[in-house]
Every structure is written in C-alpha cells, then in structure tokens.
DNA sequence: CGTCGAATTGATGTCATTCAACTACAGTGG
DNA sequence: CCACTGTAGTTGAATGACATCAATTCGACG
C-alpha cells in the first residue's frame, strides 16, 4: 500500500530508498469501507489523506440538508481540509468513502519533517497548494460562466475514468445540479 | 499615500518607523483613472496592488464576452493574480479601476525582502493567502447552495459600504446574475 | 428472489435570462 | 449653459434552464 505512494513520490521528486523508509514511518495506512466517514463537519482536521486504492470525497451540507461535493479523491490524489488543519479551526467538510478505500493519513509532523528529509518536497507541496487553489478558481468561474451541460462535458473530459466509477447523483452534486437534471442532460447528449 | 499602508501594517504587525522606511522604498505609488486597465488577460502578473483610495476590481471575460468579477479591492485591500505571479504563467484576469484610485504596487522582491525586514510579516502573508482561499471557497459553496437573493443579501451584509459605491451591474456580475435580475431582486426586497 | 437505492421519465413550477422599451442622469462638446 | 449622447437602471413579456414532485424502471446485492 505504501508502494503506491512511493511510486507517486518518485514521479514527483528525486528520492532515495532510505528517504522513502523515513517517510513511510510518518504515514499511517488505513482502510475505509464504502460510506465510512473519516471527517465530520465542525471537527478540526488533523490529517491529510492520500488515496492508494478506491475513492474518497469531501462535501458540505447546506441548511436545506443538500450535499455539495467539493472534491473527489481517487487513487494518487490527496484530500483533506487544509484550511481547518492550518488554522486549527473547526471545519465545514465531511470526508467519506465513495468506495472501499485504502489510504494513508499524514499528520502535521509529516509536513514539518518531509522537507527536512527531502528538501525538494517543499516545491512539490507548494505546487499542490497552487493546484488546489487553481481548481477552486476554475470551478468558481465555470459556475459563473457555463451551463450545466458545459460543466458536465468538462467534468467527463477532465475525469473520464471517474465519470464511470462514481454514482451519477454524486456527479450531479459536484456539478451543482439535481440527479434528474443530469439524467436529462446525458439523454440529450446521447441524441447528439 | 504610503501613510495608509503604514497604518495598515501597524494594525497587523509590530513594526518600527525605520522598518517602514525600508518597506516604503519597495512600494511604487500610482494613480489610475476610472476605467484604467492595470492588468490584461494573458499577461504575466508581476505585481500585487494595495489600494489606498478608490477601488480596483479583477474579472474574467468568458467566451460569450460576459464579465465575471472575481474580486473588488477598495481601500486597504490587496488585489492581484497571485497564481499567475507565482507560477509565472499568463493570467486570466483583467484588473481595472472602478473609481479613480490611488494604489501601491509591490513586485516580487517586496515579498522576498519583507520577511527579512519584519520576520512577523511571514505570518501575515500566510494569513492573507488563507483568507483569499477561504473567500473563494465560500463563494463556490454559496453558488452551489444559495439563491441569487441570498447571495445578494450576503453581499450587502459583508460589504455594506461597497454595495453603495459600486454600480449595480458590477454587483450583479460578482453575484453571477444579470443586472436586470438584480434590479428585480432589489425591488422585491424593498416590498419586504 | 426480493428489496432498496439509483436512474429515468413525465408533468409542472420557479427562477433567472433575454430582448426590448423607456427613464434618469452624467459626461461631452458646442 | 444647453443640447446631445451614452450608460445605468427599471420594467414588461416571452423564453429558457433547471428544480420539484411523482411514478416507474433498472440494477446491485443480501
């Protein structure tokens, strides 16, 4: 299970086997059954998760009890509520398992020690932060500019494999529409 | 004009007059007439702006030529496209003046040297980044959860003074609706 | 095989857009 | 100083996009 993460790291930065062993000591492996909740709203997020197999999701629940998915994290993705973790304030996210999932959890000390073990990881971490910000911005602009159909097409284009694995109602939630609307959009697209 | 920024800094961090003089040397004062463009799409953003008087805005323009305002920056606000600046890639923002505006511009070296001059500024900068991220996330969730009326009420509540200064069509653009829709929302709110 | 949630479909409703007309007012040049 | 012009804001009518509610089918899984 750590192997997946090791491969991920090797693809991102120059790293030796002894360094990997040091890092492994900072990662806790876990398994979550489908539907299992890893983080609840109002909890202070204390870890970042790296998915090695399966899929996690983060989402918020609004006053009308509707879920809005913030992010999916399939294999080789990170997921967390960094804002809550960094500010040590209660978060607004739930994180749970979309499928049976294997993942590693890394706590605060991981991010302190990682750059000591591998200096180049600082740049990797910065890049991850930037990409996360970029993704938020892209979605915000897409919600302002695009129709639901455009957003769906964009989703299946940028996450083609996810679109096949994830229940449609979750894709709808991610896109900000109802499952019924997504079903109709798909129907109309299939007729060209 | 630098006085405004000095006051701002003093409210955020412990800072001495000699330190302020060093910082002043890194800030260029400017004036923009209403409508003047400070940054265009596809340019690489090379500076961050701090508004001392007036108001700037950042916005994107979609394929249908519609403007979507990302941020307003009245007095004591920062505005920029950090993502473009940090990655040195062409940006997607326009930045222009909503009113006649006085502002300071700070380039890359400002952010390198500031923490050398005032170590505590590192924390301030981190906090600014977090707040910017938080604002994006809040807006994203609001677009997913709230009606246009809710978003408008939220806007005038969190930016009461802005709502009076800014043309309604720009508020509409920020909220993601047409000026006509905002006009009707305001009318219906005035009848309770 | 039966059950329960996911997905589809239809009918209808609501919210926001679009297009057009009109008013108000600010800025410009004569 | 006034007339002209353009932009902002309002309003109406028609349209469009998506939501809601209800009924049905589909499909996974115990």
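Comparing B:173, B:105, B:11 in a Gaussian network model of chain B where C-alpha atoms under 10 Å apart are linked, the largest mean-square fluctuation is found at B:11. Rounded to the nearest 10 degrees, the inclination of helix B:121-145 to the longest alpha-carbon principal axis of chain B is 10 degrees. Extending 7 Å from Cα along the Cβ direction at residue B:36 and again at residue A:17 yields two label points whose distance is 6.3 nm. For chain B, the longest principal axis of the Cα atoms and the long axis of helix B:148-158 meet at an angle of about 40 degrees.
Just so you know, the Cα atoms of the protein assembly as shown work out to an Rg and Dmax of 22.6, 71 Å. Rounded if a/c is under 1.5, else prolate if a/b is larger than b/c, else oblate: which is region B:67-108, with a ≥ b ≥ c the root eigenvalues of its Cα gyration tensor? Since a/c reaches 1.5 but b/c is at least a/b, the shape of region B:67-108 is classed as oblate. Relative contact order for chain A: 24 percent, from Cα pairs under 8 Å spaced at least 6 residues apart, divided by residue count.
Relative to the longest principal Cα axis of chain A, at what angle does helix A:108-117 sit, 0 to 90 degrees, rounded to 10? It is inclined by approximately 60 degrees. I'd like the FRET efficiency for residue A:116 and residue A:63, computed as 1/(1 + (r/R0)^6) with the beta carbon distance as r and R0 of 51 Å, rounded to 0.05. Approximately 0.70, to the nearest 0.05. For chain B, the pair-distance distribution built from all alpha carbon pairs, in bins 5 Å wide starting at 0, is 1, 7, 14, 18, 19, 16, 11, 7, 4, 2, 1, 0 percent. Comparing A:97, A:32, A:123 in a Gaussian network model of chain A where C-alpha atoms under 10 Å apart are linked, the largest mean-square fluctuation is found at A:123.
Scaling the Cα radius of gyration of region B:57-152 by the globular reference 2.2 N^0.38 Å produces a ratio of 1.26. When the P(r) of region B:87-137 is calculated, the portion above 14 Å amounts to 72% of the C-alpha pairs.
With a 10 Å cut-off between alpha carbons and a GNM built on chain B, which of B:63, B:88, B:40 moves the most? Its mean-square fluctuation being the largest, the pick is B:63.
Modelled spin-label separation between residue B:129 and residue B:163, with each label point placed 7 Å from Cα along the Cα-to-Cβ direction: 3.3 nm. Estimated from helical segments only, the mean residue ellipticity of the protein assembly as shown at 222 nm is -15000 deg cm²/dmol, where each DSSP H run of four or more residues counts as -39500 (n - 2.57).
The numbers here are math on the coordinates, done by the rules we state, and not lab data. Just so it is clear, the structure is predicted and the values come from calculations on it, not from any experiment. Don't worry about glycine lacking a Cβ; one is built from the backbone with ideal geometry, like all the others, and counts go over all protein chains shown.
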